[in-house]
Amino acid sequence: MRFSIWLLLKLNKLFPPIQHPFNLQNDGSQTYAQWQYQWGEKTVACFAPRFTPKDIFEGHKVLDMGCGAAGKSLYYLSVGAKEVVGVDVVSHYQAEAEAFARELGYEDRFRFLCGDATRLPLEDDTFDTVIMNDFMEHVSDPEAALREALRLLKPGGRIYINFPPYYHPTGAHMSDVIGIPWVHILFSEKTLCAAYCQLIHGLPDEQERLALRFGDDPNNREKITYINKMTIRRFRRMLRQMGITPYWYRELPLRRILTPLAKLPGLKELFVKMCAVVIEKPQQ
């Protein structure tokens, strides 16, 4: 074992495990869909008080890009959405999502669409609201996904985007088993991959986690494909290049006491926990 892997594993024992939906599902506490539904309010809390759930959802046809097991999609129905289409590239989420929709009585107003969010078989100008919650940092082609969202959005409709920038404490998205903050800054990607594989070895969903984190081939463990390393700087540059001026923009600090650090150009990537952005499609 390389020293860097040994060191990461030793340091990780010093940090308490973070409550994570994958682990809750393994121990029978909650399914992923149930966890998402419980935390649904938090998916739009970063837009408050400027935008309330009523503003975002009531009476609206909603597209939820990167819906996972769609618990959050079903939460949006519970707070007034007229209809929700949830999109995710992970096919095994569909059965869980549809079963939970039936359990809650929303099967007639919910549709799960498994596919690439950059190329969806849906008509132009279909949705009043597009939600990209914890999505922008995962999609392989963020610009194409945003263009697709604009195509599908009705004139005057809004896209609500929120994502944690890559360099924030859990930006590596391995907190299901690695609790070290900023671990992806302290260790190489190769070391992260090797340590992660050791930590999940033997878990009931080991193969599913490998496929999710490292692509379709579980043997490809040297490169993390689950995230695109989206930073604040990269996101803002993408909007400028696309000629998009946000209707509303906000950067939330890790803690209120850290607000000054979250405003410094050289440090904000480390101390901003969430970027929240609203984009409005112009009226024709």
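The values are calculated or read from the model by the stated rules, or taken from the named source; none is laboratory data. Predicted, not measured: the structure shown is a model, and the values here were computed from it. As a convention, Cβ positions derive from the backbone with ideal geometry for all residues, glycine included, and neighbour counts pool all protein chains shown. Side chains included, ligands, DNA and RNA excluded: accessible areas come from the protein's heavy atoms. Shrake-Rupley method; radii C 1.70, N 1.55, O 1.52, S 1.80 Å.
With respect to the numbered conditions (1) more than 30 Å from residue 195 (Cβ to Cβ); (2) surrounded by fewer than 19 Cβ atoms within 10 Å (Cβ to Cβ), which one is the sole condition not fulfilled by residue 18?
Against the list (1) more than 30 Å from residue 195 (Cβ to Cβ); (2) surrounded by fewer than 19 Cβ atoms within 10 Å (Cβ to Cβ), residue 18 comes up short only on (1).
Mind checking which residues of region 60-89 are surrounded by fewer than 20 Cβ atoms within 10 Å (Cβ to Cβ) and free of Cβ contacts under 8 Å to residues at least 60 places away in the same chain?
Within region 60-89, 78, 79, 80, 82, 83, 89 meet the criteria.
Does residue 259 count as part of a loop (DSSP other than H, G, I, E, B) and free of Cβ contacts under 8 Å to residues at least 60 places away in the same chain? Even if it seems obvious, please write down each step before you answer.
Details: part of a loop (DSSP other than H, G, I, E, B): no; free of Cβ contacts under 8 Å to residues at least 60 places away in the same chain: yes.
Answer is no for this residue.
Spot the failing condition for residue 18; the list is (1) more than 20 Å from the chain's Cα centre (by Cα); (2) among the β-branched types (Val, Ile, Thr); (3) within 22 Å of residue 179 (Cβ to Cβ), and only one is missed.
(1)
Suppose we keep only residues that are open to solvent by less than 80 Å² (accessible area, probe 1.4 Å) and part of a strand (DSSP E or B) within region 229-256. Which one would you say is farthest from residue 163 (Cα to Cα)? Steps first, please.
Going residue by residue through region 229-256, those that are open to solvent by less than 80 Å² (accessible area, probe 1.4 Å) are 230-232, 234-235, 238-239, 242-244, 246, 248-249, 251-254.
In the following step, the residues that additionally are part of a strand (DSSP E or B) were identified as 248-249, 251-253.
Details: 248: 15, 249: 12, 251: 10, 252: 10, 253: 13 Å.
Only one residue tops the list, namely 248.
Just give me the residues in region 90-116 being open to solvent by 60 Å² or more (accessible area, probe 1.4 Å) and charged (D, E, K, R), in sequence order.
98, 102, 103, 107, 108, 109, 111
Would you pick out the residues in region 262-279 that are open to solvent by less than 30 Å² (accessible area, probe 1.4 Å) and part of a strand (DSSP E or B)? Please lay out each step first, then the result.
Residues of region 262-279 open to solvent by less than 30 Å² (accessible area, probe 1.4 Å): 262, 272, 275-279.
Those that are open to solvent by less than 30 Å² (accessible area, probe 1.4 Å) and part of a strand (DSSP E or B): 272, 275, 276, 277, 278, 279.
Just checking, which of 144, 117 is free of Cβ contacts under 8 Å to residues at least 60 places away in the same chain and in a helix (DSSP H, G or I)? Don't jump to the end; show me each part of the working.
Numbers: 117 fails: in a helix (DSSP H, G or I).
Among 144, 117, only 144 is free of Cβ contacts under 8 Å to residues at least 60 places away in the same chain and in a helix (DSSP H, G or I).
Answer with yes or no whether residue 208 is acidic (Asp, Glu) and over 14 Å from the mean Cα position of the chain (by Cα).
Working: acidic (Asp, Glu): yes; over 14 Å from the mean Cα position of the chain (by Cα): yes.
Answer is yes for this residue.
I'd like to verify a number: residues in region 117-140 that are out of contact with any helix residue (DSSP H, G or I) (no Cβ under 9 Å at 6 or more places or on another chain) and open to solvent by 70 Å² or more (accessible area, probe 1.4 Å), how many?
Going through region 117-140 one residue at a time, the tally reaches 2.
Within region 185-196, how many residues turn out to be open to solvent by 20 Å² or more (accessible area, probe 1.4 Å) and modelled with pLDDT of 95 or more? Don't jump to the end; show me each part of the working.
In the first step, residues of region 185-196 are kept if they are open to solvent by 20 Å² or more (accessible area, probe 1.4 Å); the result is 185-190, 194.
The next check asks that each one be modelled with pLDDT of 95 or more; those that pass are 185-187.
Selection size over region 185-196: 3.
Across region 120-141, what is the total count of residues that are free of Cβ contacts under 8 Å to residues at least 60 places away in the same chain and not acidic (Asp, Glu)? I'd like the intermediate steps shown before the answer.
Pass one, region 120-141, residues free of Cβ contacts under 8 Å to residues at least 60 places away in the same chain: 120-125, 141.
Next cut, not acidic (Asp, Glu) only: 120-122.
Of the residues in that region, 3 qualify.
I'd like to check something: does region 202-213 contain any residue that is open to solvent by 60 Å² or more (accessible area, probe 1.4 Å), under 21 Å from residue 9 (Cα atoms) and not in a loop (DSSP other than H, G, I, E, B)?
yes
Here is a yes/no grid of residues against (1) closer than 30 Å to residue 248 by Cα; (2) touching a residue at least 12 places away in the same chain (Cβ under 8 Å):
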residue: 8; (1), (2): no, yes
residue: 20; (1), (2): no, yes
residue: 35; (1), (2): yes, yes
residue: 45; (1), (2): yes, no
residue: 54; (1), (2): yes, yes
